[in-house]
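Participant: Just passing along the structure, written as structure tokens.
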Amino acid sequence: MTSVAVQPTGKPVARVNGVMLTDRDLLREMMTIFPYARTHNGFPKGQEAMIRQGALKMVEFEELVYQEATRRQMTVPPQKVNKAVGDFKSNFQSEEEFQQYLKSEMNGSLEQFRKSVRRSLLIEAFLKLQLDLPSRVTTAQAQDFYTKNSKLFVHQEQIQFQTISVMPPENASTEVKEKARGHMSEVWEKAKMTTTYEQFGLLAEKYSEDDFRVDMGNHKMVSRGEIPDPVAKILDAMKPGQVSNVSQFGPYYVIFRVVQRKPAGKTPFEQARVKLQADLQKEKYNSLRSSLDKKLRATAKIEEL
């Protein structure tokens, strides 16, 4: 993967109501979006522009939020700022390392650093009031959604199974394919003697050539309708714990073992509640955030440089 390295210089990238934002602000947000940039020596070449644009919109939004919080005369207690400063400093191995950070990111100014911390806390407090608290979904609200959208919680039969696969190249010679068939027959003699998930899984780890071998050949619980028809037909005839004969799919040979079946039915509210509340809250939060962003931008002057 080709990477694009980004070196900040303090160059202006945007002006929000007269306040300049620099490529340092932009890079920090890009790192938040794609933290792997530190280990990949930059951003994926094909995604760098998209990551950059997303980060630019985010730093503009944060500046608008900060300005609105300031306009409303919101404040952060000094003791909270002090604690946040202390917590941040504890991430450094030494005072020298922290001073190096101040020099490279804050022009060597501790006061500028404290202002940056205060700004972050003010943005956090504003968003908590405007987004976090209003987006909370109660159990009663989740129950109401569950009742009105009951079809969403009805599921097909679900199946969990394991596989052992031998996968010679599609253009392999007849000799190679026959050797693969013979090898799979030997593996099947061992597989049909297994009686537990672990026993079959150890064979998968040792002999299988598909990607599931790293997890004992396990395919996590999946709806029957999502399983390819040729595989579903094989699994339909099997009971939990049963091992199939060797099946051939093109040049590949596969042995299946059914782990468990979950009958078709409806997920009870209590089982669905936690994820449902989280999903509804995320949806509500994103909607409120989008509305806030539009509202703040409507009266702002933003120049992207």
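The values are calculated or read from the model by the stated rules, or taken from the named source; none is laboratory data. The model shown is predicted, which means the values in this text are computed figures rather than measured ones. Note: ideal-geometry Cβ built from the backbone for every residue, glycine included; neighbour counts use all protein chains shown. Just so you know, the surface numbers come from the protein's heavy atoms only, side chains and all, with ligands and any DNA or RNA stripped out. Shrake-Rupley method; radii C 1.70, N 1.55, O 1.52, S 1.80 Å.
Participant: Could you grab the relative contact order for the chain? Cα pairs under 8 Å, six or more apart, rounded to a whole percent.
Facilitator: Value for the chain: 22 percent.
Participant: If you take the beta carbon distance between Glu96 and Glu226 as r and set R0 to 51 Å, what does 1/(1 + (r/R0)^6) give as a FRET efficiency, to the nearest 0.05?
Facilitator: The formula returns an efficiency of 0.40 here.
Participant: Please work out how much length the chain gains when fully extended from Thr70 to Met31, using 0.36 nm per residue of separation minus the C-alpha to C-alpha distance, in nm with one decimal.
Facilitator: 11.4 nm
Participant: Let me ask another. Please report, in Å, the Rg and the Dmax of region 84-154, where both are computed over Cα atoms only.
Facilitator: Spelled out, the Cα radius of gyration and Dmax of region 84-154 are 21.5, 60 Å.
Participant: A follow-up question, please. Among residues other than Gln248 whose Cβ falls under 11 Å from its Cβ, what is the net charge (Lys/Arg +1, Asp/Glu -1)?
Facilitator: Net local charge, Gln248 excluded: +2.
Participant: If the cut-off is a Cα-Cα distance under 25 Å, which lysines reach Lys80, setting aside same-chain residues fewer than 8 apart in sequence?
Facilitator: Within reach: Lys89, Lys103, Lys115, Lys128.
Participant: Now, a different point. Could you order Leu305, Leu122, Leu133, Leu280 so the one with the most accessible surface comes first? Probe is 1.4 Å.
Facilitator: Ranked from most to least accessible, the order is Leu305, Leu133, Leu280, Leu122.
Participant: Figure the gain on full extension for Lys151 and Gln112 (residue separation times 0.36 nm, minus the Cα-Cα span) and round it to one decimal in nm.
Facilitator: Value of the extension gain: 8.6 nm.
Participant: Another question, then. Ordering Asp23, Asp132 by accessible area with a probe of 1.4 Å, largest first, what comes out?
Facilitator: In descending accessible area the options line up as Asp132, Asp23.
Participant: If we sort 197-207, 143-153, 58-68 on the protection proxy, mean other Cβ atoms within 10 Å, highest first, what's the order?
Facilitator: 58-68, 197-207, 143-153
Participant: So what does Val214 come to for accessible area, using a 1.4 Å probe and Å² rounded to 10?
Facilitator: Result for Val214: roughly 120 Å² accessible.
Participant: Also, I was wondering about something else. Carbon and sulfur atoms: what percent of the 1.4 Å accessible area of the chain do they account for?
Facilitator: Here carbon and sulfur together make up 52 percent of the probe-accessible area.
Participant: Something else: To the nearest 500 deg cm²/dmol, what mean residue ellipticity at 222 nm is calculated for the chain from DSSP H runs of n ≥ 4 alone, each contributing -39,500 (n - 2.57), summed and divided by the residues?
Facilitator: Estimated from H runs of four or more residues: -16500 deg cm²/dmol.
Participant: Given a Förster distance of 22 angstrom, what is the FRET efficiency for Gln242 paired with Gln199, based on the Cβ-Cβ distance and rounded to 0.05?
Facilitator: Here the calculated transfer efficiency is 0.95.
Participant: Treat each spin label as a single point 7 Å out from the Cα along the C-beta direction, and report the Asp144 to Ser185 distance in nm.
Facilitator: So the label points at Asp144 and Ser185 sit 6.7 nm apart.
Participant: Right, next: What is the calculated FRET efficiency for Lys80 to Ala49, with r their C-beta to C-beta distance and R₀ = 45 Å, to the nearest 0.05?
Facilitator: It comes to 0.75.
Participant: Specify whether the C-alpha gyration tensor of region 1-134 places it in the rounded, prolate or oblate class, a ≥ b ≥ c being the square roots of the eigenvalues: rounded for a/c under 1.5, otherwise prolate if a/b is larger than b/c and oblate if not.
Facilitator: Here region 1-134 falls in the oblate category.
Participant: Mind grabbing the accessible area of Asp211 for me, 1.4 Å probe, Å², rounded to tens?
Facilitator: Only protein atoms counted, so the area is about 130 Å².
Participant: What full-extension length gain, to one decimal in nm, is calculated for Ser120 and Glu303 as 0.36 nm per residue of separation minus the Cα-Cα distance?
Facilitator: Length gained between Ser120 and Glu303: 63.6 nm.
Participant: Using the heavy atoms of the protein chains alone and a 1.4 angstrom probe, what is the accessible area of the chain per residue in square angstrom?
Facilitator: Using a 1.4 Å probe on heavy atoms only, each residue of the chain averages 62 Å².
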